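The structure under discussion appears below in the form of structure tokens.
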Amino acid sequence: MEKFNGIYVGLDVHKATIAVALVRGLRSQVQYFGEIANTPAEIKKLVKRLSPQGEVMNFCYEAGGCGYEVYYQLKKLGQACEVVAPSLIPRKAGTRIKTDRRDAMMLAKLHSSGDLTAVWVPDKEQEAMRDLSRAREDMMQMQTKARQRLGAFLLRHGKVYEGKSRWTQAHWRWMETITFETAMQQIVLQEYIEAAKDLERRVLGLEGQIRLAMAGWNLEPVVKALMALRGVSMITAVATIAELGDLTRFDTPKELMAYLGLVPSEHSSGGSKRQGGITKTGNGHVRRMLVESAWNYRFAPRKTRDIQKRAEQTSEQVQAIAWEGQKRLCARYQKLINAGKIKQQVTTAVARELTGFIWAIACEVSGKAHASKATQ
């Protein structure tokens, strides 16, 4: 890279176009450059026009539906670029006009003054793992919806399964025995069954692909270490690391908890202090999975065969952290329940503390010394 030339460029990125504005040096006026097509060729032309000598400029744009492709292209061209958090952009309350031009000029001005907050950008391999994990989550949601529709159809016609568990082999065999008076309803039943089974196959297929992709992944040791925790399966561990990447970039577990939106919101003024529900900021995928994992701590501490089998693949230090976490979180759950707290609130509180142990294990695997802060 050449020396930074003091140009800050704000990009308002859309599917087809990019509005461009720039500031040349601190305390300079914002200049609107114009609008270009959102293509690699046009972005390359833009860089050459703004910096004919090949000096490094500092680009920024908001995180959104267009992903990180512009970021990757600019990095490949040797430019500095930041993807900023939209929710943390300072905005004037009285502003009622919003255009692409104004947005680009605002980004350039705030970027030059250092008032923007950058988000973490995954590399290509990290993004691929995240896409695979999210695809499996999407298929799970579609599978749940298909099963609900099938169950609702059977209930409307008085077909109720009396077995212990649904969606098992016994349940599927029971559905094969169901008959309707009309051929039309029989066709409807079969189509619902086929849709549910097809999605079940897709989910299992994606889980198999996740196992294959995890082998040889540079973050595989962290994934295997997290599986020593109670309630953290292979899918949960992969999704957490695929979404968050290197957890050691957070200096304390509280930073990770806040990043996931698991800390209480607060509105205090003067002598009054008011705290509300969790902020729900940051990555909702991981937050939802951790809350689901936290339900496992409603039972007494216990090393089951599955947990012990997963734990044996990790170091003694990781096993000690996982066991300490299980004892603490199970006790925490019972204490809050006995205090009369709502189960959902209790599970959220346990998920927040579980985040601390996840951070501690990641630090232990990476060799960082501040893993002991997890329980502080």
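Are there any pairs with C-beta distances below 7 angstrom linking a residue in region 342-354 that is in contact (Cβ under 8 Å) with a residue 60 or more places away in the chain to a residue that is part of a helix (DSSP H, G or I) and surrounded by fewer than 21 Cβ atoms within 10 Å (Cβ to Cβ), with the two at least 6 apart or on different chains, and if so which?
Within 7 Å, the pairs are Thr348/Val291; Ala351/Val291.
When you check Lys75 against the structure, is it among the basic types (Lys, Arg), within 26 Å of the chain's Cα centre (by Cα) and farther than 24 Å from Ser113 by Cα, yes or no? Break it down into steps so the answer makes sense when it comes.
Details: among the basic types (Lys, Arg): yes; within 26 Å of the chain's Cα centre (by Cα): yes; farther than 24 Å from Ser113 by Cα: no.
Judged against the criteria, Lys75 is not a match.
Would you check which residues across region 37-71 are part of a loop (DSSP other than H, G, I, E, B) and either closer than 22 Å to Val119 by Cα or touching a residue at least 12 places away in the same chain (Cβ under 8 Å) (or both) and list them? It would help to see each step written out before you state the result.
To start, the set of residues in region 37-71 that are part of a loop (DSSP other than H, G, I, E, B) comprises 38-39, 51-55, 63-68.
If the condition is that a residue be part of a loop (DSSP other than H, G, I, E, B) and either closer than 22 Å to Val119 by Cα or touching a residue at least 12 places away in the same chain (Cβ under 8 Å) (or both), then Asn38, Ser51, Gln53, Gly54, Glu55, Ala63, Gly64, Gly65, Cys66, Gly67, Tyr68 are the ones that fit.
Only one residue in Gly114, Gly25 is closer than 13 Å to Tyr8 by Cβ and without any contact (Cβ under 8 Å) to a residue 12 or more places away in the chain, so which one is that?
Numbers: Gly25 fails: without any contact (Cβ under 8 Å) to a residue 12 or more places away in the chain.
That would be Gly114, the only listed residue that is closer than 13 Å to Tyr8 by Cβ and without any contact (Cβ under 8 Å) to a residue 12 or more places away in the chain.
Pairs please, first residue from region 130-143 and over 19 Å from Ile241 (Cα atoms), second anywhere and of a type in the set (Gly, Ala, Ser) and surrounded by fewer than 17 Cβ atoms within 10 Å (Cβ to Cβ), Cβ atoms under 9 Å, 6+ apart in sequence or on different chains.
Within 9 Å, the pairs are Met139/Gly205.
Out of all the residues in region 271-285, is one or more exposed (fewer than 14 other Cβ atoms within 10 Å of the Cβ), under 24 Å from Val223 (Cα atoms) and not basic (Lys, Arg)?
Yes, region 271-285 contains at least one residue that is exposed (fewer than 14 other Cβ atoms within 10 Å of the Cβ), under 24 Å from Val223 (Cα atoms) and not basic (Lys, Arg).
Go through region 1-36 and give me each residue that's outside any strand (DSSP E or B) and either in contact with a Phe, Trp or Tyr (Cβ under 8 Å, 6 or more places away or on another chain) or at pLDDT 95 or above (or both). Give the steps one after another, and end with the answer.
Start the filter on region 1-36 by keeping residues that are outside any strand (DSSP E or B), which leaves 1-3, 14-16, 25-29.
The answer is His14, Lys15, Ala16.
List the number of the failed condition for Ala215; all other conditions in (1) at pLDDT below 95; (2) within 18 Å of Pro122 (Cα to Cα) hold.
Failed condition: (2).
Every residue in region 86-142 that is part of a helix (DSSP H, G or I), of a type in the set (Asp, Glu) and within 26 Å of the chain's Cα centre (by Cα), please.
Taking region 86-142 and keeping what is part of a helix (DSSP H, G or I), we get 86-88, 100-113, 124-142.
Then drop every residue that is not of a type in the set (Asp, Glu), which leaves 100, 103, 125, 127, 131, 137-138.
Answer for region 86-142, where residues must be part of a helix (DSSP H, G or I), of a type in the set (Asp, Glu) and within 26 Å of the chain's Cα centre (by Cα): Glu125, Glu127, Asp131, Glu137, Asp138.
Starting from residues that are closer than 22 Å to Thr281 by Cβ and among the β-branched types (Val, Ile, Thr), keep the ones in region 66-108 and report whichever is surrounded by the fewest Cβ atoms within 10 Å (Cβ to Cβ). Break it down stepwise before answering.
The first filter runs over region 66-108 and keeps only residues closer than 22 Å to Thr281 by Cβ, leaving 66-68, 71, 82-93, 103, 106-107.
With among the β-branched types (Val, Ile, Thr) added as a condition, the list becomes 83-84, 89.
Numbers: Val83: 21, Val84: 20, Ile89: 15.
By that ranking, first place goes to Ile89.
Matching residues to (1) surrounded by fewer than 17 Cβ atoms within 10 Å (Cβ to Cβ); (2) under 30 Å from Arg91 (Cβ atoms); (3) among the basic types (Lys, Arg); (4) in contact with a Phe, Trp or Tyr (Cβ under 7 Å, 6 or more places away or on another chain):
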{"position": "Leu110", "(1), (2), (3), (4)": "no, yes, no, no"}
{"position": "Arg130", "(1), (2), (3), (4)": "no, yes, yes, no"}
{"position": "Arg136", "(1), (2), (3), (4)": "no, no, yes, no"}
{"position": "Thr144", "(1), (2), (3), (4)": "yes, no, no, no"}
{"position": "Arg147", "(1), (2), (3), (4)": "no, no, yes, yes"}
{"position": "Arg156", "(1), (2), (3), (4)": "yes, no, yes, no"}
{"position": "Ser165", "(1), (2), (3), (4)": "yes, no, no, no"}
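Would you confirm, using the coordinates I've provided, whether Ala349 is at pLDDT 95 or above and within 26 Å of Ala242 (Cα to Cα)? Can you show your working first?
Numbers: at pLDDT 95 or above: yes; within 26 Å of Ala242 (Cα to Cα): yes.
For Ala349, the condition - at pLDDT 95 or above and within 26 Å of Ala242 (Cα to Cα) - is met.
Looking at region 315-369, which of its residues are among the hydroxyl-bearing types (Ser, Thr, Tyr) and not in a helix (DSSP H, G or I)? Break it down stepwise before answering.
Residues of region 315-369 that are among the hydroxyl-bearing types (Ser, Thr, Tyr), as a first pass: 315, 333, 347-348, 355, 366.
The answer is Ser315, and nothing else.
The values are calculated or read from the model by the stated rules, or taken from the named source; none is laboratory data. For clarity, every value in this text was computed on a predicted model and none was experimentally measured. Here the Cβ is made from the backbone with ideal geometry for all residues, glycine too, and neighbour counts use every protein chain on show.
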